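A.B. asks: Here it is, the structure in full.
Bear in mind that the values in this text are calculations on the coordinates, not laboratory data. Every value quoted in this text rests on a predicted model; they were computed, and no experiment measured them. Cβ: placed from backbone, ideal geometry, glycine included. Neighbour counts: every protein chain shown.
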Amino acid sequence: MENKKIIRERKSFYISEFRAEEAWLSFMHQQGWKLQSIDKIGFHYTFEACDPQDWIYQLDFKEDGVAEEDYLLMYEDYGWEPVLRFRHWFYFRKQRTDDMKTDDLSIFSDDASRIEMCRHVIRHHARLIALILGSLFVATGLLTILFPQLTILQGILMGAIVGSIFSAMFVGNQFKRLQHMIRQMERRIYG
């Protein structure tokens, strides 16, 4: 079979855009390209040629410590094929059939489960950003105290801090989008 590597050009899927990524992967499978792998950075998807078929792709986020074998078996029992793991995201697919119910189209049993997954994503990334910013502030402070003459290195660290702050603002925007998704799902649940 022919392999096709696709660069994400304008397909930058951020943490709040997992549904768009699911839809794109399903579309690619309908076009005759099934997902095989994602590079370590997340910019290149490798697809393998296949017969064009209607497959549903779903992503789930799990932090470290999940019993991965049991976790994957649980989804396999419900007909979901595990495709790959990329960082904390697990990719699953299932072939769509004419007799499928709406409940069969998602790996989540209900909106409450998807809400909990979104909250896990937010907590995980918030801790990561706090750790990075805290580490940079501590490193800059220590360098200033221990080596006051190293102004070039301090400038580099300050640049890293400013860059990290802008990154944190971007991730904060992603959090807002996830919170918006959570509110929409809560409205469906609670009215």
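A.B. asks: HN-Hα J couplings of the range 58-74 from phi, Karplus 6.51/-1.76/1.60, θ = phi - 60°, integer Hz, Gly and Pro as x?
C.D. replies: Here the 3J(HN,Hα) series is 9, 10, 9, 10, 9, 7, 4, x, 6, 6, 4, 5, 5, 4, 5, 4, 4 Hz.
A.B. asks: Evaluate the distance, in nm, between pseudo-label points positioned 7 Å from the Cα of Ile145 and of Met74 along their respective Cα→Cβ axes.
C.D. replies: Computed distance between label sites Ile145 and Met74 equals 4.5 nm.
A.B. asks: Next question, about the same structure. I'd like the Kirkwood hydrodynamic radius of the range 58-127, using the inverse of the mean 1/r over distinct C-alpha pairs, in Å.
C.D. replies: 13.0 Å
A.B. asks: Hey, another quick one. How many percent of the alpha carbon pairs in the range 111-190 exceed a separation of 21 Å?
C.D. replies: 46 percent
A.B. asks: I'd like the FRET efficiency for Met158 and Phe27, computed as 1/(1 + (r/R0)^6) with the beta carbon distance as r and R0 of 30 Å, rounded to 0.05.
C.D. replies: The computed FRET efficiency comes out at 0.10.
A.B. asks: Same structure again: How high is the FRET efficiency from Met169 to Phe108, r the C-beta distance, R0 35 Å, rounded to 0.05?
C.D. replies: 0.75
A.B. asks: How big is D for the range 3-105, in µm² s⁻¹ as a whole number, if Stokes-Einstein is applied with the Kirkwood radius of its Cα pairs at 10 °C and 1.306 mPa s?
C.D. replies: Translational diffusion coefficient: 111 µm²/s.
A.B. asks: Which log10 I(q)/I(0) values does the chain give at q = 0.07, 0.08, 0.09, 0.18 Å⁻¹ under the Debye formula, counting every alpha carbon as one identical point scatterer?
C.D. replies: -0.28, -0.36, -0.45, -1.29
A.B. asks: First obtain the Kirkwood hydrodynamic radius of the range 40-93 from its Cα pairs, then insert it into the Stokes-Einstein equation at 10 °C and 1.306 mPa s, and state the resulting D in µm² per second as a whole number.
C.D. replies: Diffusion coefficient, whole number: 126 µm²/s.
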